[in-house]
Amino acid sequence: MRYFLDISYNGKYFSGWQIQKHQISIQETIEKCLALILRKKITIVGASRTDSGVNALQMFAHFDYFNVLKKKKFLKQINFILPSYILIKNLISVKPKANARFDVISRHYQYRINLYKGPFSYNYFHFPFRQMNYGLIKKAVLILKSIEDFSSFGKKKDINSFNKCKLYSLTWKIRNRVIYIDIIANRFLRNMVRRIIGACLYIGIRKINLLEFFLYVKSKKILLSCPSVPAKGLYLVRIIYPKNIFKYNF
């Protein structure tokens, strides 16, 4: 039997999704709890490898188990022993070859920027430059939507890596002194979202100009002059799969 876990977590307390030596990861934490309640070593495969500090409102992971699991009992047991920073929201029965990572149609990330410091804004990135030119940012978004190769926003330049992504949407909105940036694509390079946000912010405050941005993006050079914004403001919001991988309507 193959199952999908619908997971939510606060990334502040972990070194990221993927298991790492001498670090506490989300994957390892969940696997240890699964082994306790299922009495068997379990390996899970996540839909995305979020970096240290990145949060998730919705992450999926799949695992195999030889027996039928009762959802209500399973969720009660695993959430009881998991740390409070991780919540398993649902257990979903899927077809045997369904893959949480490779069957993804789209991934939706949101970045949150607090324009004013506050006592409860610790999971947002505080960016004090309130006078931003959103017209310039809008033009930068149009440039991003015109490209397929996002090498300029990868962690490092690697000519052998597959750097093509399909950007479906990139939108900005301000609500209650917080900027919400939503970006949806079929896949993302490591650190890609945070570097795109950093570039757009620098364009908005005129630290780099649109021509410079356009030339770097088209030449696929790494944008060294742009920061990678902090992980704490980034949230994995939603992951979409084809309906035919689920055993039941979901």
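Average accessible surface for the chain: 55 Å² per residue, computed with a 1.4 Å probe over protein heavy atoms with every protein chain in place. For the stretch 49-152, the alpha carbon positions stretch 57, 40, 20 Å along the principal axes, listed from largest to smallest. Taking a ≥ b ≥ c as the square roots of the eigenvalues of the alpha-carbon gyration tensor, the stretch 117-233 is classed prolate because a/c is 1.5 or more and a/b outweighs b/c. Rounded to the nearest whole Hz, the Karplus-based 3J(HN,Hα) values (6.51 cos²θ - 1.76 cosθ + 1.60, θ = phi - 60°) of the stretch 9-15 follow the sequence 7, 9, x, 4, 9, 10, 8, with x at glycine and proline.
For the stretch 1-116, list log₁₀ I(q)/I(0) at each q in 0.09, 0.12, 0.14 Å⁻¹, using the Debye formula over Cα point scatterers of equal strength and ignoring solvent, two decimals each. With one equal scatterer per Cα and no solvent, log10 I(q)/I(0) is -0.24, -0.42, -0.57. Taking the centroid of alpha carbons for each part, the stretch 1-75 and the stretch 176-250 are 25 Å apart. Compute the helix-to-body angle for 26-38: its Cα long axis versus the longest principal axis of the chain, expressed 0 to 90° and rounded to tens. Once rounded, the angle reads 10 degrees.
Computed from phi, the 3J(HN,Hα) profile of the stretch 75-89 under the Karplus parametrisation 6.51, -1.76, 1.60 (θ = phi - 60°) reads 4, 5, 5, 6, 6, 5, 9, 5, x, 5, 7, 10, 10, 8, 8 Hz, with x in place of Gly and Pro.
Report note on the peptides 54-60, 106-112: ranked by the mean count of other C-beta atoms within 10 Å, highest first, their order is 54-60, 106-112.
Taking the protein heavy atoms of the stretch 109-243 in the context of the full set of protein chains, the accessible area attributed to carbon and sulfur is 53 percent at 1.4 Å. Taking a straight line from the alpha carbon of K76, these aspartates and glutamates sit under 20 Å away, with near neighbours fewer than eight places off in the same chain left out: D6, E28, E31, D64. Rounded to the nearest 20, the size of the Cβ-charge dipole of the chain about its Cα centre is 280 debye, with Lys and Arg at +1 and Asp and Glu at -1. Shape analysis of the stretch 72-113 based on the Cα gyration tensor places the equivalent ellipsoid semi-axes at 23, 21, 7 Å, largest first. For the cross-link pairs K89/K166; K40/K155; K72/K95, the ones whose C-alpha atoms lie over 27 Å apart are K89/K166; K40/K155. Applying D = kT/(6 pi eta Rh) to the chain, where Rh is the Kirkwood radius over alpha-carbon pairs, T corresponds to 20 °C and eta to 1.002 mPa s, the Stokes-Einstein value obtained is 110 µm²/s. With all protein chains in place and a 1.4 Å probe, the accessible surface of the stretch 1-107 carries 54 percent carbon and sulfur.
The values are calculated or read from the model by the stated rules, or taken from the named source; none is laboratory data. It should be emphasised that the depicted structure is a prediction, and the values quoted were computed from it without experimental measurement. Methodologically, a virtual Cβ is constructed for each residue, glycine included, from the backbone with ideal geometry; neighbour enumeration extends over all protein chains shown. Each accessible area value is taken on the protein alone, full model and side chains, heavy atoms only, with ligands, DNA and RNA left out. Shrake-Rupley method; radii C 1.70, N 1.55, O 1.52, S 1.80 Å.
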